[in-house]
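Note sheet for the following structure.
Quick note: the coordinates plus some simple rules give every number you see, no bench work behind them. Just so it is clear, the model here is predicted, and its values are computed rather than measured. Cβ coordinates were reconstructed from backbone atoms using ideal geometry, including for glycine residues, and neighbour counts include every protein chain displayed.
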Amino acid sequence: TQTTRPQRMLAAVQKNATRGDPRSVVKAIDQFCRQKEWAMNVGDEKGCILDSVVTEVNPATVLELGTYCGYSTVRIASLLPPDAKLITLEFNPHNAAIARQVIAWAGLGDKIQLVEGASGDWIPKMKEKFGIETFDLVFLDHWKDRYLPDTKLMEECGLLRKGSILLADNVISPGTPDYLEYIRNSPRYKSQYFRSHLEYTKAEDGLEKSVFLG
Ligand SMILES: CCNc1ncnc2c1ncn2[C@@H]1O[C@H](/C=C/CNC(=O)c2cc(-c3ccc(F)cc3)cc(O)c2O)[C@@H](O)[C@H]1O
Ligand SMILES: [Mg+2]
């Protein structure tokens, strides 16, 4: 029977990466996507920008919207301080199942909480279910038309504090026009565009980093 792309990506991790070595998992996925099949991971070029933001923020609490196969989840978690917590939301059960195995292979299960469900349902429950007050860093990489509504929802739920950082993938390709318009014109955010390329291609894409001003 036909395998899925996430299944083939996981097989590449299990074949080429070292158990317990997150960077080898990241490398194995990037190699798979460059040599075998393109997939919508943030990738190695934008991944370096992601790494620098994570290192600079040094967050105690991180929320990721859209786990997919766990590439950016592993990439972020590998840079977190010891007691930090990363919560990642994924509503496709098949993708969640693959991501759990990628995260396990990287040995990062104790830093990452993968929640199977939709961001709209779970953002309002973050405080009661996970004892989260506010997030220091949010990585947005799910459906592009959900970045804006979910950002407004996080504001309404009081999950952002003065200094919280939002980092959004794909603001050029596929693009998130309504989110960019909002975040760049809102007096409550200070934004910065990091120009890069769409993962594994020469097309333009970039990350938008926004600081919530409270
Ligand atoms: C309903 C909204 N809430 C959600 N809550 C939880 N998980 C969600 C949600 N949305 C989507 N997801 C999950 O996130 C993932 C979706 C990511 C969407 N990403 C993209 O479409 C994307 C697409 C491209 C792209 C760019 C150029 C192309 F020509 C083709 C594709 C590049 C990227 O980097 C991308 O991130 C899936 O695993 C999906 O199940
Ligand atoms: Mg993306």
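Filtered by the rule that a residue be in a loop (DSSP other than H, G, I, E, B) and β-branched (V, I, T), region 133-179 gives T134, T176. Give all pairs with beta carbons closer than 6 Å in which a residue from region 67-87 that is more than 19 Å from I29 (Cβ to Cβ) meets a residue that is buried (at least 24 other Cβ atoms within 10 Å of the Cβ); count only pairs at least 6 apart in sequence or on separate chains. Listed by first residue and then by second, the contacts come to I87/L63.
Which of the following residues is away from ligand 2 (no atom under 16 Å from the Cβ), within 18 Å of I49 (Cα to Cα) and of a type in the set (A, V, I, L, M, F, W, C): I172, I165?
Selected residue: I165, the only one of I172, I165 that is away from ligand 2 (no atom under 16 Å from the Cβ), within 18 Å of I49 (Cα to Cα) and of a type in the set (A, V, I, L, M, F, W, C).
In summary, K127 fulfils each of the numbered conditions (1) closer than 27 Å to L180 by Cβ; (2) exposed (fewer than 15 other Cβ atoms within 10 Å of the Cβ) with the single exception of condition (1). Looking only at residues of region 2-30 that are within 16 Å of A97 (Cα to Cα) and β-branched (V, I, T), we find that the one that is surrounded by the most Cβ atoms within 10 Å (Cβ to Cβ) is V13. Here K129 meets each of (1) within 18 Å of L50 (Cα to Cα); (2) part of a helix (DSSP H, G or I); (3) out of contact with any Ser or Thr (no Cβ under 7 Å at 6 or more places or on another chain) with one exception, condition (1).
Going residue by residue through region 79-95, is there one that turns out to be within 13 Å of ligand 1 (Cβ to nearest atom), farther than 24 Å from L198 by Cα and surrounded by 15 or more Cβ atoms within 10 Å (Cβ to Cβ)? Break it down stepwise before answering.
As a first pass, look at region 79-95 and keep what is within 13 Å of ligand 1 (Cβ to nearest atom): 87-95.
Of the ones still in play, those that are also farther than 24 Å from L198 by Cα are 87, 93-94.
Filter again for surrounded by 15 or more Cβ atoms within 10 Å (Cβ to Cβ), leaving 87.
Among the residues of region 79-95, at least one is within 13 Å of ligand 1 (Cβ to nearest atom), farther than 24 Å from L198 by Cα and surrounded by 15 or more Cβ atoms within 10 Å (Cβ to Cβ), which makes the answer yes.
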